[in-house]
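What follows is one structure encoded as structure tokens, with my remarks underneath.
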Amino acid sequence: LKYFTQGLVYGSDGEKMSKSKGNVVEPFDMIKKYGADTLRLALVSVASPDKNFSWDEKIVIGSNKFLQNVFNYFSKVENGKTSKKIESKLNKAIKEITDDVENFRHYLAIIKIKQLFSFIIDEKISKDDAGKFLKLLHIYCPFITEELWLNLGNKSFISLEVWPKCDEKKIDEKIERQEEQI
């Protein structure tokens, strides 16, 4: 069993959010404007849950843009063969994101999901690997990933699927070292 405390949210004015100060951001307004998944992703990505952070709508706008790109890519994804480079990146990400999620480092998991997507976006990937990416994103964005999962032709719900497993044999250390040097 793990315990951690939650940090405070500060308004754009730098003051602790409080109804009495009038600097509270209404979540339902953000959900209407950007969607629940966008707000969830934004809140999880801004900071560690045990740290304080200052609210900025730009975070929500950035998360919305990311999810629009994910939706556009996976709505039109063609089932192809995944390159060795993307297989390596995907399996390394599964390994690291799994560790981050298990240790409540969700903001780091989000960073790694976004990095992984930046590699995938210009590539063709297999339906299986597309599903693995969506499973990683699903814990943060359940609505969009459920829709995209069904668009891939799956009959079950993604929420009932198992978490993806890392295939260590597919992580190519040579590719990873080259990427680090770049």
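The values are calculated or read from the model by the stated rules, or taken from the named source; none is laboratory data. Here the structure is a predicted model, which is why all the values come from computation and not from measurement. Here the Cβ positions follow ideal geometry from the backbone for every residue, glycine too, while neighbour counts run over all protein chains shown. Each accessible area value is taken on the protein alone, full model and side chains, heavy atoms only, with ligands, DNA and RNA left out. Shrake-Rupley method; radii C 1.70, N 1.55, O 1.52, S 1.80 Å.
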When the accessible area of the chain is split by element with a 1.4 Å probe, what percent falls to carbon and sulfur?
53 percent
So, in Å, what gap is there between the alpha-carbon centers of the range 56-70 and the range 80-118?
19 Å
Among chymotrypsin sites (Phe, Trp or Tyr not before Pro) in the range 71-111, those in a DSSP loop whose Cβ has at most 16 other Cβ atoms within 10 Å are Phe104
Relative contact order, percent, of the range 84-133 when contacts are C-alpha pairs under 8 Å separated by at least 6 residues?
43 percent
List every residue whose amide H lies under 5 Å from the amide H of Ser54, counting only residues 5 or more places away in sequence or on a different chain, with H placed 1.01 Å from N in the peptide plane.
Tyr10
Using the heavy atoms of the protein chains alone and a 1.4 angstrom probe, what is the accessible area of the chain per residue in square angstrom?
60 Å²
Among Asp29, Asp56, what's the order by accessible area (1.4 angstrom probe), most exposed first?
Asp29, Asp56
What list of ³J(HN,Hα) values in whole Hz, one per residue of the range 26-36 in order, does the Karplus curve 6.51 cos²θ - 1.76 cosθ + 1.60 (θ = phi - 60°) give from phi, with Gly and Pro shown as x?
7, x, 5, 5, 5, 5, 4, 7, 10, x, 5
GNM flexibility winner over the chain from Glu78, Glu15, Glu57 (Cα, springs under 10 Å):
Glu15
So for R0 = 30 Å, FRET eff. of Ser118-Glu57 from the Cβ-Cβ r, to 0.05, ends up at 0.85
Here, trypsin sites (Lys or Arg not before Pro) of the range 89-164 satisfying both criteria (DSSP loop; at most 15 other Cβ within 10 Å) are Lys124, Lys155
About the Cα centre, and with charges only on the beta carbon of Lys, Arg (+1) and Asp, Glu (-1), how big is the dipole of the range 93-182? Nearest 20 debye, please.
180 debye
From the phi angles alone, apply the Karplus equation (6.51, -1.76, 1.60; θ = phi - 60°) to the range 115-131 and give each ³J(HN,Hα) in whole Hz, x where the residue is Gly or Pro.
4, 4, 4, 5, 7, 6, 3, 9, 10, 8, 9, 6, 4, 4, 6, 4, x
From Cα pairs below 8 angstrom and at least 6 apart in sequence, can you work out the relative contact order of the chain, rounded to a whole percent?
23 percent
About the Cα centre, and with charges only on the beta carbon of Lys, Arg (+1) and Asp, Glu (-1), how big is the dipole of the range 32-136? Nearest 20 debye, please.
220 debye
For all pairs of alpha-carbon atoms in the range 25-182, what percent lies in each bin of width 10 Å, listed from the first bin to the last filled one?
10, 39, 37, 13, 1
Among Glu146, Glu168, Glu96: highest mean-square fluctuation, GNM of the chain, C-alpha pairs under 10 Å:
Glu168
Search the structure for amide H atoms under 5 Å from the amide H of Val77, placed 1.01 Å from N in the peptide plane, and list their residues when 5 or more places away or on another chain.
none
